[in-house]
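Below: one structure, written as structure tokens.
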Amino acid sequence: MAPTPINKNKVVCLVNGRIHRVSGGDFLENLDPSLQTVIMRDYPEATPHDFICNEHQVKFRLEVLDTLFHLDLQKNFTVNDQLNEELMKANFEIHDVEEQLQTQETIGERVADKVTEFVGSWAFIITYLAILVVWMFVNVTGLFGVEWDKYPFILLNLFLSITAAMQAPLIMMSQNRAAHHDRLSAKNDFQVNVKSEKGVAALHEKLDHLMMDDQASNMQIQKIQTEMLGDIQILLNEVYQQNQDIRERLDDVEDQLDDFEETLDNIEENTDDEEEENLNTN
């Protein structure tokens, strides 16, 4: 049921029952849906044709802002909890592969690495060739009367075979350690990549939330703030108009007082003249 207007330009406010100008507020049906929801929560008997003054519209809009802030805060907490949960699922332990291998390294593995490092160098090749040349030269020429391994150098062939046989497993040991190092590095890199991917996905989700939900809420908040500023401006204009009316009435009262004082002065002058005439007559 619509409120009964006092006259064409005045109506009663739903909240305080005071009489206001129609320009000093708005009807419930013309307000924002979120604002209508808050008003209907406090005044369930209200109808779309009820009038709400600007003063109380500001109050209800503040309640809407508080609700929006609370909802945004709850959404942010929920999103942060989801992101933390996703990151905890990808809580892989990242290892230092070099340090891990050094703690597990044995003396034999160190020797194998050193031998492999020396065998795969020019120093080994030059030294090995020098030994072969000296060996064959001494045994062929009989230098110093020493010939411990005559041609076809059977002892030298045995020495070379033993050297090759010993080098092969040492090199294989070093290669196995290198392969183990590669496997640990690949596993570690995979865990780092998975954790990085989870982190990037979490950041994308949070950015989407900020762009979609928070941006919409910010637009709604800005709209309400703009409406509040408009209502406050209207209230200030009304106060200014009331002050102008009061000043005009005070000016009218001052004019009336001036007229009244002038009339009193005239009456006093007339009275004085009459008294003088009476004295002269006597």
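The values are calculated or read from the model by the stated rules, or taken from the named source; none is laboratory data. Being a predicted model, the structure only gives us computed values, none of them experimental. Here the Cβ positions follow ideal geometry from the backbone for every residue, glycine too, while neighbour counts run over all protein chains shown. Accessible surface is based on the protein model in full, side chains and every heavy atom, while ligands, DNA and RNA are left aside. Shrake-Rupley method; radii C 1.70, N 1.55, O 1.52, S 1.80 Å.
Against the condition at pLDDT below 75 and more than 30 Å from L236 (Cα to Cα), how does N76 come out, does it pass?
yes
Kindly check whether there is at least one residue in region 170-192 that is open to solvent by less than 60 Å² (accessible area, probe 1.4 Å) and over 60 Å from the mean Cα position of the chain (by Cα).
no
Out of region 117-130, which residues are surrounded by 14 or more Cβ atoms within 10 Å (Cβ to Cβ) and modelled with pLDDT of 85 or more?
F124 - this is the single residue of region 117-130 that is surrounded by 14 or more Cβ atoms within 10 Å (Cβ to Cβ) and modelled with pLDDT of 85 or more.
Of the residues F118, F124, which is under 22 Å from M173 (Cα atoms) and within 60 Å of the chain's Cα centre (by Cα)?
Unique residue meeting the criteria: F118.
Mind checking whether some residue in region 236-246 is closer than 30 Å to C53 by Cα, open to solvent by 80 Å² or more (accessible area, probe 1.4 Å), part of a helix (DSSP H, G or I) and modelled with pLDDT of 80 or more?
Within region 236-246, one or more residues are closer than 30 Å to C53 by Cα, open to solvent by 80 Å² or more (accessible area, probe 1.4 Å), part of a helix (DSSP H, G or I) and modelled with pLDDT of 80 or more.
Check region 144-151 and report whether any residue there is at negative phi, part of a helix (DSSP H, G or I) and not small (G, A, S).
Checked region 144-151: no residue is at negative phi, part of a helix (DSSP H, G or I) and not small (G, A, S).
Within region 14-25, track down each residue that is within 17 Å of Q225 (Cα to Cα) and at pLDDT 80 or above.
none
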